[in-house]
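Down below is the structure, laid out as structure tokens.
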Amino acid sequence: MKKALLKEAIISVLFILIVTGFQSAKAQYTETISINHTFGAFATNSIFGPFTASSGDHINIQLNVASDDEFKREVRVQIAGTNEVICNETAHAFNETININTDGSFLITIFKNAPFYTTIDVNGEIVVYHTSGAPTPSTSYPAVTASLAESASALNYGNTVNFTVSADGGTPPYIYVWYMDNQTVQTSASPYYSTNNQTVGSHHVYVQVTDADNNSATTLTVEFNVLPVSSSSASLSPGLSNSPTQQPTQTTTTVANIDYLDLTPYYTVLVLALIITLVVVALFYYRKHAK
């Protein structure tokens, strides 16, 4: 009885090994998605793909994660299709094979699972093993790239700072999600953003750009500093209507007007009288001594 059970167990194990080996061996072609991405400070996630797969295909994930903080370098890898999430795991290294049970298009999203101030590098590849069919011809578009520029790196409180993001690659149009201090402040189709009501101190801005095919890229983070308003620059730039800055109180000193008496005529008479007196004295003195 025991020998029969052992025999059946051995046969079952061999059958599983043979079927698994057959499924691995029958892959007709492979599709490799290279992952070489840096998550800067304040970055949250990035999307790769999409790729198309069928039931019976499988994928192999091989990723390594490096960080400027050795103990805070985890990422979460999510691979999701229309009807199935085939992976949603968090780790600092991946080396695993996952079976696909439904047909459809799949996206790979890698989430930064570390403090916002850390920088993380994710490198490796995800290989899709297709067991049937042939590669579907597709139009190849360059990856989405984005860069961010600011009008000033330092400004007085109440003044306006402007930002412009430039996007390229992928499939336009683009959607821009603006983040300031790790909070969403604007989501729109406009590559421009302005603000003039930030508090005194240092602030950080970055943008996530997503194209029409849901491919995305995140800009590097830029920093700007809001300075207190000094007495020498109390008045703000013209045209700013939303200015919370308190202007200094102006003090006006009134000086009384004094009407001074014009003494010019009196001085003239006095001088003439003095001259006449001197002439009379001189004549009197002359006549007295001439006798």
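None of the figures in this text is laboratory data; all of them are computed from the coordinates on show. These numbers were taken from a predicted model, which means no experiment stands behind them. All Cβ positions, glycine included, derive from the backbone under ideal geometry; neighbour counts span all protein chains shown.
Figure legend: label point modelled 7 angstrom from the Cα of Val200 along Cα→Cβ; residues of segment 143-187 with amide N under 14 Å from it are 155-159.
Estimated at 0.36 nm per residue, the fully extended path between Asp121 and Ala93 surpasses their Cα-Cα distance by 8.9 nm.
Assuming 0.36 nm per residue, please report the length gained on full extension of the stretch Ile276 to Asp168 beyond their Cα-Cα distance. Gain on extension, Ile276 to Asp168, equals 28.6 nm. Taking 0.36 nm per residue of separation and subtracting the current Cα-Cα distance, fully stretching the chain between Thr145 and Asn36 would add 37.9 nm. The label point for Thr184 and the one for Asp69, both projected 7 Å from the Cα toward the Cβ, are 2.4 nm apart.
Each residue in Thr187, Thr119 was given a count of other beta-carbon atoms within 10 angstrom of its own, and listing them fewest first yields Thr187, Thr119. In terms of surrounding Cβ atoms within a 10 Å radius of their Cβ, His289, His204, His92 rank from fewest to most as His289, His204, His92.
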